[in-house]
Amino acid sequence: TDLSRIRNFSIVAHIDHGKSTLADRLIQETNTVAERDMKEQLLDAMDIERERGITIKANTVRIDFTAADGQDYVLNLIDTPGHVDFAYEVSRSMRAVEGSLLVVDSTQGVEAQTLANVYQAIDADHEIVPVLNKIDLPASEPDRVREQIEDVIGLDASDALLVSAKTGEGIRETLQAIVDRLPAPKGDPEAPLKAMLVDSWYDAYLGVIVLVRVIDGRLRKGERVKMMSNGSVHHVDRIGVFRPAMTQVDELGPGEIGFLTASIKQVRDTRVGDTITHEKKGAETALPGFKPSQPVVFCGLFPVDSAQFEDLRDAIEKLALNDASFSFEVESSAALGFGFRCGFLGLLHLEVIRDRIEREYDIDLITTAPSVVYHVYMKDGEMRELHNPADMPDLTHVDHLEEPRIKATILVPDDYLGDVLKLCQDRRGIQEDLTYAGPRAMVVYDLPLNEVVFDFYDRLKSVTKGYASFDYQMTGYRQDNLVKMQILVNEEPVDALSVMVHRDRAETRGRAMVEKLKDLIPRHMFKIPIQAAIGGKVIARETLAALRKDVTAKCYGGDVSRKKKLLEKQKAGKKKMRQFGRVEIPQSAFINALKMD
Ligand code: GDP
Ligand code: MG
């Protein structure tokens, strides 16, 4: 295809501002998909994404559009994820296109993820076309939002498009604006091949499918290509484009976006950001590299039924085939038996994987408290990464600990500002900035990631009644006074309940945890001490009184069927329990004990 007839773009937006709906309309308006195949949120393929209304993997579609000048154009849309956990995926797919539609809900205005995503687009040198969506709604205030885009982001929004992705108003104008206002890609078809590896995923029939953006040269079926990062050579057996169904083509030239398959077995063998060139007469220098994404949150996943350990391994291995940012290793816990310590990009990523294991593989899981990666500096100078509080080395050998910090940006209506500041302060935050974007305050905090991974986002939503938006990026590691706190149930430490805490917060956290556990653990026929301890020193204690647990007593021996029902219920409940010494701890306790209400 002639370069001047190609436009490559992505859509950036805060969640729920209408990115997926707009993509649907662009696809529909250009008859890219036959009417009978059209379904809502076409690009959000996985069920879990549909249910949660989020896009996780980047998706791509090639659209043919006849513009006002009567010429046919190829528009390649790369849809990017909207959630903070996947910021890295956003940044890499941004590098594969030249422009962005910035979608802002005209009833809401600019939000934290609008900012985070548009800054990524600016970093990638994109031309940006603002789109004010949802103008069909009575609450739409395009003038106010236009001003806000100019004030807060500093983008000229005077010719922002007015769109309703719902009714289809403004969709043709949007397609025309993509052609008129976004730049055509540049590239040399005669130069040695340079193709950027944008994404890859596993397909049961085709093996690994690699999404590529050709920068220079031509990529053809049957060629031998080389991954420049490691020199591995592959024979290309298919190339094609997404319409959005996979459609084979003979070649991809500069500016084009499409896929290749080359009998690659694992997603791990493809590095996102890598440069693909020809085995012979290849390019000399690679494209500027990308950093590999690193898991930042770890937790243990254990089967409720220990007989399902091998099933769990199978499920995890299958999921990992398609997700190189997810890591795992076998973990054994005195409390929970055999399971896996897994690393994730963030909490949403964790939830998505856990849900898929439970749903698609039908395995009930116990999830232990999420933990960040600490840097433990030993007295001998060695640095160890700590993924699990249970592995904390003996203190006599430890010099000091460092924890990861983040820069959090929160946008919130003025009325809730006080509560947000208090929440950040309670989580050991350091305020860095406070400005106003219209009636909304924008606060920037330096926070320990540890204080955010667990329930920060839920708390933020609840104290602001859902009106705050939040985004973060990792900034680095800093030393602090951190200790491992253990929980002892009936005098025995329960390894799966160990957590890392700041020394100054340990008493408060410890007391909260033992109080919670007192409610979460059912009474037994003996009394059970529940203690929080640091290095053998008890800092908080509760005692669960003894009780004769006779659930059928209430039935007065009368109604037999009712009695049977109760016993069955109790049996089902048992499956969700973990026997620990003489004490049964319900599965829910491993997560709920940590909630800070
Ligand atoms: P995304 O999270 O940015 O992908 O947002 P979605 O496309 O999933 O849209 C979020 C919600 O807004 C959905 O319920 C859509 O039906 C709705 N929506 C999207 N665009 C419009 C619009 O132009 N008008 C109205 N009234 N609703 C819209
Ligand atoms: Mg979406």
Criterion (under 16 Å from the mean Cα position of the chain (by Cα) and not aromatic (Phe, Trp, Tyr)) met by exactly one of VAL463, VAL453, VAL443:
VAL453
So in region 20-35, with the set limited to residues that are near ligand 1 (Cβ under 7 Å from one of its atoms) and modelled with pLDDT of 90 or more, which one is farthest from GLY466 (Cα to Cα)?
LEU22
Whether any residue in region 143-152 is among the aliphatic types (A, V, I, L, M) and part of a strand (DSSP E or B) is what I want to check.
no
Region 173-201, residues that are crowded, with 17+ Cβ neighbours inside 10 Å and either among the β-branched types (Val, Ile, Thr) or without any contact (Cβ under 8 Å) to a residue 40 or more places away in the chain (or both)
THR174, ILE178, VAL179, VAL198
For region 305-337, name all the residues that are at pLDDT below 85, open to solvent by less than 20 Å² (accessible area, probe 1.4 Å) and hydrophobic (A, V, I, L, M, F, W, C).
LEU319, ALA320, PHE326, ALA335, LEU336
Test set (1) over 30 Å from ARG428 (Cα atoms); (2) surrounded by fewer than 16 Cβ atoms within 10 Å (Cβ to Cβ) - PHE340 fails condition number
(2)
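For region 372-402, enumerate the residues that are touching a Ser or Thr at 6+ places or on another chain (Cβ under 9 Å) and open to solvent by less than 70 Å² (accessible area, probe 1.4 Å).
LEU386, HIS387, ASN388, PRO389, ALA390, MET392
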LEU155, sole failed condition from (1) part of a loop (DSSP other than H, G, I, E, B); (2) within 16 Å of ligand 1 (Cβ to nearest atom)
(2)
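Just name the residue that is modelled with the highest pLDDT out of those in region 36-52 that are part of a loop (DSSP other than H, G, I, E, B) and open to solvent by less than 20 Å² (accessible area, probe 1.4 Å).
Here is the first cut: in region 36-52, the ones part of a loop (DSSP other than H, G, I, E, B) are 38-46.
With open to solvent by less than 20 Å² (accessible area, probe 1.4 Å) added as a condition, the list becomes 43-44.
On the way: LEU43: 60, ASP44: 56.
In this case the residue turns out to be LEU43.
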All positions within region 95-119 that are part of a helix (DSSP H, G or I), open to solvent by 10 Å² or more (accessible area, probe 1.4 Å) and either of a type in the set (A, V, I, L, M) or closer than 11 Å to VAL145 by Cα (or both):
ALA116
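Got at least one residue in region 120-138 being modelled with pLDDT under 85, more than 16 Å from ligand 2 (Cβ to nearest atom) and closer than 26 Å to VAL444 by Cα? Give the derivation first.
Quick first cut of region 120-138, residues modelled with pLDDT under 85 only: 120, 123.
Checking the rest, the ones that are also more than 16 Å from ligand 2 (Cβ to nearest atom) come to 120, 123.
Next, from what is left, pick out any that are closer than 26 Å to VAL444 by Cα: 120, 123.
Scanning region 120-138 turns up at least one residue that is modelled with pLDDT under 85, more than 16 Å from ligand 2 (Cβ to nearest atom) and closer than 26 Å to VAL444 by Cα.
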Residues to consider are GLN266, GLN248, GLN294; find the one that is within 26 Å of the chain's Cα centre (by Cα) and farther than 20 Å from ARG95 by Cα.
GLN266
Of the candidates GLY222, GLY231, the one satisfying the condition of being surrounded by fewer than 20 Cβ atoms within 10 Å (Cβ to Cβ), touching a residue at least 12 places away in the same chain (Cβ under 8 Å) and away from ligand 2 (no atom under 16 Å from the Cβ) is GLY222
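Taking region 120-139 as the region of interest, how many residues are more than 13 Å from ligand 1 (Cβ to nearest atom), over 23 Å from THR409 (Cα atoms) and buried (at least 21 other Cβ atoms within 10 Å of the Cβ)? Before you say what the answer is, go through the steps one by one.
Step one: of region 120-139, the residues more than 13 Å from ligand 1 (Cβ to nearest atom) are 120-130.
Those still in the list that are over 23 Å from THR409 (Cα atoms) too: 127, 129.
Checking which are buried (at least 21 other Cβ atoms within 10 Å of the Cβ) leaves us with 129.
Counting residues in region 120-139 that are more than 13 Å from ligand 1 (Cβ to nearest atom), over 23 Å from THR409 (Cα atoms) and buried (at least 21 other Cβ atoms within 10 Å of the Cβ) gives 1.
Assess whether TYR467 counts as being of a type in the set (Phe, Trp, Tyr) and either crowded, with 21+ Cβ neighbours inside 10 Å or farther than 27 Å from GLU351 by Cα (or both).
Working: of a type in the set (Phe, Trp, Tyr): yes; either crowded, with 21+ Cβ neighbours inside 10 Å or farther than 27 Å from GLU351 by Cα (or both): no.
No, not satisfied.
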Restricting the first residue to region 502-516 and requiring it to be under 14 Å from ARG541 (Cβ atoms), which pairs with a second residue that is assigned to a helix (DSSP H, G or I) meet a Cβ separation below 9 Å and a spacing of at least six or different chains?
MET513/LEU497; LYS516/ALA589; LYS516/ASN592
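The values are calculated or read from the model by the stated rules, or taken from the named source; none is laboratory data. Since the structure is predicted, the reported quantities are computational estimates derived from the model, not experimental observations. Please note: Cβ atoms are built from the backbone with ideal geometry, for glycine as well, and neighbour counts cover all protein chains shown. What goes into the accessible areas is simple: the full protein's heavy atoms, side chains included, and nothing from ligands, DNA or RNA. Shrake-Rupley method; radii C 1.70, N 1.55, O 1.52, S 1.80 Å.
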